[in-house]
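A short write-up of the structure that comes next.
The values are calculated or read from the model by the stated rules, or taken from the named source; none is laboratory data. Quick caveat, the model's predicted, so the values are computed rather than measured. Backbone-built Cβ (ideal geometry, glycine too); neighbour counts: all protein chains shown.
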There are 2 protein chains.
Amino acid sequence: MASDHTRSAILAAAERLYADRGFGDVTLRDIVAEAGVNLAAVNYHFGSKDELIAELFVTRSIATNRERLRELKAAEEQGGGRAPIEVILRALVGPTLRGCLGPENQRSTAARFMIRASIESVPPIRRIKNREIDHLRKFAGAMRRALPERSEVDVYWGLNFALAMAHHTIRESERLTKLSEGKCDLDDVEDVVERVVSVATMALTAGRTEVKAPAKVAAR
Amino acid sequence: MASDHTRSAILAAAERLYADRGFGDVTLRDIVAEAGVNLAAVNYHFGSKDELIAELFVTRSIATNRERLRELKAAEEQGGGRAPIEVILRALVGPTLRGCLGPENQRSTAARFMIRASIESVPPIRRIKNREIDHLRKFAGAMRRALPERSEVDVYWGLNFALAMAHHTIRESERLTKLSEGKCDLDDVEDVVERVVSVATMALTAGRTEVKAPAKVAAR
DNA sequence: GATAGTTTCATACAATTGTTTGAAATGCAA
DNA sequence: TTGCATTTCAAACAATTGTATGAAACTATC
């Protein structure tokens, strides 16, 4: 094992390049050049290109999920097992948004890598990705506890829309800036978070404030 | 020109394969095999692989935009130059959702291709994609006319969120089905359209029903 | 300081990719 | 039919990719 220097240099370079340019057009030769190591080092340390990607994704996936669950657990414990829906949604979309948006220099490579992974899903990632469903299920559970009158289906849709707004805004941030001629300030991350959270909250609570009623009609 | 048979067979096969498997892992050999034509035919008729993709994208892009604008124009003319925001949003997200979701057999290859193009944007598409901004600007204009009291920034955010929900739902439809254990019915396209439209409408009108007031505070 | 195990390196390999080539086939006008 | 342009085809080409190899360099233990 010795220094591990080569190994971690590869991981860092790969994550940076994948985050910037996507999996499609980053070759092993690009990675080793960026890392300043030999081409054969990748196969020596990771076995194959796919295993490198998988290791990268697993590591980051665990970290991101832990971050989100930490916020969620803290909120629920504080509220005696039930957190306000806004807080839950903030725990869901906040970390990713904060990691990907914001002033240029503080953008997180890890977060941008995860967004790439969620977009152009390559085989090694696709194989692992199913686990994330369990993670989302925990959020769905918390949301149902926060909105007991709400139908299960509506909660899933709200969760889906919250992730939709967060991810899409990240992916298309450049286009939104161009479309709005800079008027939408994507560097003001907390403003973006609040916009997403507030719309998702409305989607989950509108037309159903206190009522106990059947399912289908909701969220209209 | 003669029959054009080969040319259109290539276009059809390419669109189908790209829609199904993405640009990343579809080779020219896959396409010509599917089309039942010779490998060299692609370069003979289109010049290069990139030009084939570009032609496909341009054709579909024009058709999709025309479809959306047709709905929009019809609505605005009927309302004397100003359509209700719900109708505008339906014109924006309806065609794409209807094309991509719904019972297996009636899903549109064209719509799925366009979603692929919006996801894993390859160089030839990226070069053209800027034009779509002009198209979105027309929708932004109609939305501003429908919501004159609303700030410009809020309208752009509403537009962004509407597209976000539509596209994300299409992209992650499989995951939503799995997460909800089939309870979210993605075959009921009109239900999905109404959900997206209603949430986007709320995002654009909440907390600002009749008031004439400054910007920032909105959509909270 | 010799030796065994680990890591790095230049280089080669095999497979796949988009593209080109030149001949054969086809269609069409005179 | 003849002649000419268009279209199709099998085959080869050149470039790029991930991977494998075997020797060299290094590290640590005795």
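Brief remarks follow.
- Taking residues in the range A:3-30 that are more than 16 Å from B:Val122 (Cα to Cα), and partners anywhere that are among the polar types (S, T, N, Q) and in a helix (DSSP H, G or I), the pairs with Cβ atoms closer than 7 Å and at least 6 places apart or on different chains are A:Glu15/A:Thr109; A:Arg16/A:Thr109.
- From the options A:Ala75, A:Ala54, A:Ala35, residue that is within 16 Å of DNA strand C (Cβ to nearest atom) and of a type in the set (A, V, I, L, M): A:Ala35
- Of all residues in the range B:1-26, those satisfying the criterion of being within 14 Å of another protein chain (Cβ to nearest Cβ) and within 13 Å of DNA strand D (Cβ to nearest atom) are B:Gly24, B:Asp25.
- Scope the range B:133-158; condition more than 8 Å from every other protein chain (Cβ to nearest Cβ), assigned to a helix (DSSP H, G or I) and not small (Gly, Ala, Ser); matching residues: B:Asp134, B:His135, B:Lys138, B:Phe139, B:Met143, B:Arg144, B:Arg145, B:Asp154, B:Val155
- Among the residues of the range B:171-203, the one identified as touching a Cys at 6+ places or on another chain (Cβ under 7 Å) and of a type in the set (Val, Ile, Thr) is B:Thr177.
- Residues that are closer than 30 Å to B:Phe161 by Cβ number at least 2 in the following helices (runs of 4 or more DSSP H) confined to the range B:21-105: B:49-78, B:85-100.
- Number of the condition not met by B:Val26 [criteria: (1) within 16 Å of B:Ile128 (Cα to Cα); (2) buried (at least 16 other Cβ atoms within 10 Å of the Cβ)]: (1)
- Of all residues in the range A:75-118 being of a type in the set (S, T, N, Q) and out of contact with any helix residue (DSSP H, G or I) (no Cβ under 8 Å at 6 or more places or on another chain), the one that is modelled with the highest pLDDT: A:Gln78
- Screening the candidates B:Thr109, B:Thr96 for the property of being buried (at least 18 other Cβ atoms within 10 Å of the Cβ) and in the same structural domain as B:Ile119 (by TED's automatic domain parsing) yields one hit, B:Thr96.
- The range A:168-194: number of residues that are over 22 Å from B:Asn130 (Cβ atoms) and facing another protein chain (nearest Cβ under 7 Å): 1
- Residues located in the range B:5-20, provided they are within 11 Å of DNA strand C (Cβ to nearest atom) and farther than 13 Å from B:Ala110 by Cα: B:His5
- Residues that are buried (at least 19 other Cβ atoms within 10 Å of the Cβ), of a type outside the set (Phe, Trp, Tyr) and more than 14 Å from DNA strand D (Cβ to nearest atom) are absent from the range B:32-49.
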